[in-house]
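The values are calculated or read from the model by the stated rules, or taken from the named source; none is laboratory data. Keep in mind it's a predicted model, so treat the numbers as computed, not measured. Heads up, the Cβs are rebuilt from the backbone with ideal geometry, glycines too, and the neighbour counts pull from every protein chain shown.
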Amino acid sequence: MNLETKPGSIPPGTASKKIVGVLDFDGRADPETDPKLDLATARRIYEAMLRTRAIDARLMRLQRQGRIGFHVGCEGEEAAILASAAAMRDQDWLFPCYREVGAALYRGLSLQTYIDNMYGNANDIPKGRQMPDHVTARAQHFSSITAPIGTQITQAVGFAWAAKIRKQDVVTATYFGDGATSSNDFHAGMNFAGVYQTPTLFLLRNNGWAISISSEQQTHSRTYADKGVAYGVPAIRVDGNDALAVYGVTRAAVERASAGGGPTFIELVTYRTGAHSSSDDPTAYRETMESEEAQKRDPLRRLRRYLDRQNAWSDAEQTAAEEKITSELSVCIEKAEAAPAPSIASMFEEVFEDMPAHLVEQQAECVNGPRTRKRH
Ligand SMILES: Cc1ncc(C[n+]2csc(CCOP(=O)(O)OP(=O)(O)O)c2C)c(N)n1
Ligand SMILES: [Mg+2]
């Protein structure tokens, strides 16, 4: 038998390994790829990135102080998240992983609503029934964050298919990590989107790690973008730490999907500079040197340098933006800590329009049971 490809050789039909970029490390834009983003939008993206980083730092401190139970942030991945979210139109929907709360805030979710979710208090929309950082923001066209890896991928494809059937001009974008490419939902979503040509953007945040599993352990594919090719979905690799490149590629994919051109798989090549979450210690499985190298690629620094070159940002604006988010956070935290916990009865509510008899019985038993009595 004559196999066309020898074991270990590069198979035909792979995606380009080239990583599309616009900004160099000093914030100079390449005229060939520059999406010529208006400065107001570039500033808005930068401010959102700055805000997201400040929020992450504060929430991690609150977790260390024992005031909240958990936090998962996006340090180092802000451009991948915020520049892509900024490229989506208002009518489009985002189906996030757990690192994209900044995108919901960018779309108008109130900081108080997010902080209430971090505390799981009575004002939290899911009433403490979700983990912290698992917000829900329907008004912002941002689906509820789900904890199981990959489930948002099929949700995004189904939503896009429904929009296509109804002839609505809606594009969906789903964010997921490199680890999620090993999930069943990734296969189901990619295959369905390819066959039915749904208007869906697959935004893979390749941050190099799935908790402690490196990309080398995750896949034997040459690149993650190759996985798009396997499903007949056009795939492109982008520097995920380069806000302008992320914006330009995402916007082009939205326009193609909106015009009936089907899905796009975008591999956002980035790096998770922090821990996976507040429950993780990355020094147990990776060298710190690697993280230091990543600091040089910091997405905030690169966009700031670009803005500086256009005289579109100043140190005074930086300080003002940092002070604003610090005080906004203090107000929201104080309110969230003063709010009561959700009632025990609420555990049973908001699932069924008419609560079935067995739940009515269980609710009564629970509210009259020992959990509602004062601790002795
Ligand atoms: C179905 C499922 N399996 C396992 C987990 C536990 N888990 C939480 S995060 C994570 C790693 C995900 O890595 P990746 O997709 O690369 O996303 P990243 O955290 O790097 O953004 C795992 C395995 C889970 N939440 N759901
Ligand atoms: Mg990852």
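Points to keep in mind about this one:
- Evaluating residue 317 against the criteria (1) touching an Asp or Glu at 6+ places or on another chain (Cβ under 8 Å); (2) in a helix (DSSP H, G or I); (3) over 30 Å from residue 371 (Cα atoms) leaves one unmet condition, (1).
- Hey, residue 43 assigned to a loop (DSSP other than H, G, I, E, B) and at pLDDT 95 or above or not: no
- Each residue in region 348-371 was checked for being within 37 Å of the chain's Cα centre (by Cα), surrounded by fewer than 13 Cβ atoms within 10 Å (Cβ to Cβ) and outside any loop (DSSP other than H, G, I, E, B), and 1 pass.
- From the list 167, 127, the one residue that fits, being under 23 Å from residue 90 (Cα atoms) and more than 16 Å from ligand 2 (Cβ to nearest atom), is 167.
- Search result, residues across region 165-178 that are away from ligand 1 (no atom under 16 Å from the Cβ) and closer than 17 Å to residue 100 by Cβ: 171, 172
- Residue within region 179-192 that is away from ligand 1 (no atom under 16 Å from the Cβ) and at pLDDT 95 or above present: yes
- Inspection of region 213-228 finds no residue satisfying the criterion of being in contact (Cβ under 8 Å) with a residue 12 or more places away in the chain and at positive phi.
- Any helices (runs of 4 or more DSSP H) falling wholly within region 74-123 and containing at least 3 residues that are surrounded by fewer than 22 Cβ atoms within 10 Å (Cβ to Cβ): 111-119
- Residue satisfying all of: in region 216-259; of a type in the set (S, T, N, Q) and either modelled with pLDDT of 95 or more or surrounded by 20 or more Cβ atoms within 10 Å (Cβ to Cβ) (or both); nearest to residue 27 (Cα to Cα) among these: 241
- If you go through region 132-155 and keep only what is within 15 Å of ligand 1 (Cβ to nearest atom), under 21 Å from residue 109 (Cβ atoms) and at pLDDT 95 or above, you end up with 132, 133, 134, 144, 145, 151, 152, 155.
- Number of the condition not met by residue 154 [criteria: (1) free of Cβ contacts under 8 Å to residues at least 40 places away in the same chain; (2) over 17 Å from the mean Cα position of the chain (by Cα); (3) away from ligand 2 (no atom under 16 Å from the Cβ)]: (2)
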